[in-house]
Amino acid sequence: MNTPEFKRSMKEQADAFGNPDPSKWPDGTETVGYVPEKAPPADKARRYVRLLLPGYERMLVGETPVWTQPYYRVMGNFNSRDLEWFAANCGLAHLCKVGHTAIVEKALLVDLMALHSMCKWFMKTPIVVDHRIPESQPLRKLPQYTADYASVLNVGPLRLFHYMITTSPLFMSKLSKVKRFEYVIRRFGDLATRTDRGFAKTKQMAFECLQALLKGGIIDQVTYDQCMTPITPPTPAIEGQYLCHTCQTGEGDLMKCSRCLQVRYCSVLCQKKDWATHKKTCKK
């Protein structure tokens with residue numbers, strides 16, 4: 001990361017804001033989003049967690065652009081908050097990877113809003129699509145089932161969840177108190193049952209998260225079994241893809257029925273249209 005290009009990128013970002021010192025705003029307050037490359041692990045963790053908390057006047061500078069720049073080609077649908085949360089997830093996951101899981105745990109549990117942000121981003125990941133792919137190609141219409149989508153999850157959000165859930169009972173306990181936790185469980189089930197190409201690592205991490213949650217008593221056996229139950233068969237047009245139970249298309253981020261976890265829908269509208277029929281076989 002300490003390359004001439006990296007240093008030039010830092011300077012350009014700072015100059016763009018009319019501030020020669022990227023660590024502080026002109027009024028002297030600390031720049032949220034600035035993570036010094038050589039900062040101590042505890043300071044890095046604190047700074048990354050601040051990106052997950054509510055607030056404004058941020059810029060990704062220092063180490064944070066290292067996590068976003070490799071994925072710019074598939075981040076055309078990301079807004080500024082998506083980029084901030086993605087960078088924070090990646091940075092914290094990297095700290096866990098190099099042996100600072102306890103430090104990351106301590107930083108995350110200072111304010112449960114950080115866990116709320118993690119869950120929200122993971123639950124409803126922005127559309128990940130390579131805009132260089134022609135719109136006529138099937139993969140352009142099924143962005144959340146491509147290897148690019150898997151790699152975005154693997155490098156940040158899912159990897160961070162995996163490190164924390166499989167090593168920290170306290171983190172699991174706190175996570176279960178977050179409002180969006182039930183949706184995270186469903187996303188783990190979604191990913192753990194994927195058959196899409198390029199999802200082997202994603203599937204394994206999601207599966208291990210569910211196992212750890214079951215072993216830790218956070219979820220029961222019934223919930224675990226529902227999450228791991230095979231669902232809608234793949235589309236015949238593209239091997240390994242899923243179809244909406246109503247309109248039979250695979251476009252968008254399909255989600256399981258929250259009651260039975262057996263079928264998928266591309267939207268709330270499609271789910272409502274199908275309810276009159278599906279309720280006859282839908283079981284908890």
Next on the checklist: Can you compute 3J(HN,Hα) from phi for each residue in region 43-52, using the Karplus curve 6.51 cos²θ - 1.76 cosθ + 1.60 with θ = phi - 60°, rounded to whole Hz and x for Gly and Pro?
Outcome noted: 5, 4, 4, 4, 5, 5, 5, 4, 5, 8
Checklist outcome for this item: Net charge (Lys, Arg +1; Asp, Glu -1) of residues whose beta-carbon lies under 11 Å from that of CYS96, CYS96 excluded, is +1
Checklist entry - So, in Å, what gap is there between the alpha-carbon centers of region 73-116 and region 35-49? => result 11
Checklist entry - What is the list of residues in region 147-187 whose amide nitrogen lies under 16 Å from a point 7 angstrom out from the Cα of LYS97, following Cα to Cβ? => result 150-164
Checklist entry - chymotrypsin sites (Phe, Trp or Tyr not before Pro), restricted to region 77-129: which are DSSP loop and have at most 12 other Cβ atoms within 10 Å? => result none
Next on the checklist: Rolling a 1.4 Å sphere over the protein heavy atoms, what is the accessible area per residue of region 63-200, to the nearest Å²?
Outcome noted: 40
Checklist entry - Full extension from ALA39 to TRP275: what is 0.36 nm times the residue separation minus their Cα-Cα distance, to one decimal in nm? => result 79.6 nm
Item to check | Under the Karplus curve 6.51 cos²θ - 1.76 cosθ + 1.60, θ = phi - 60°, whole-Hz ³J(HN,Hα) for region 209-225, x wherever Gly or Pro sits | outcome: 5, 5, 4, 5, 5, 5, 5, x, x, 7, 10, 9, 5, 5, 4, 4, 4
Checklist outcome for this item: The equivalent-ellipsoid semi-axes of region 55-125, taken as the square roots of five times the Cα gyration tensor eigenvalues and listed largest first in whole Å, are 20, 15, 12
Next on the checklist: In whole Hz and in residue order, list the ³J(HN,Hα) couplings for region 114-123 that follow from phi through the Karplus curve 6.51 cos²θ - 1.76 cosθ + 1.60, θ = phi - 60°; x for Gly and Pro.
Outcome noted: 5, 5, 4, 5, 4, 5, 4, 5, 5, 5
Checklist entry - Near PHE171, within a Cβ-to-Cβ distance under 13 Å, what is the net charge of the other residues, with Lys and Arg +1 and Asp and Glu -1? => result +2
Next on the checklist: Suppose R0 equals 51 Å. What FRET efficiency, 1/(1 + (r/R0)^6) with r the Cβ-Cβ distance, do THR167 and ARG259 give to the nearest 0.05?
Outcome noted: 0.95
Item to check | Charge sum, other residues only, whose C-beta stays under 12 Å from VAL110's C-beta, Lys/Arg counted +1 and Asp/Glu -1 | outcome: +2
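The values are calculated or read from the model by the stated rules, or taken from the named source; none is laboratory data. As the structure is a prediction and not an experimental result, all values here were calculated from the model. Note: ideal-geometry Cβ built from the backbone for every residue, glycine included; neighbour counts use all protein chains shown. Heavy atoms of the whole protein, side chains included, go into the accessibility calculation; ligands, DNA and RNA do not. Shrake-Rupley method; radii C 1.70, N 1.55, O 1.52, S 1.80 Å.
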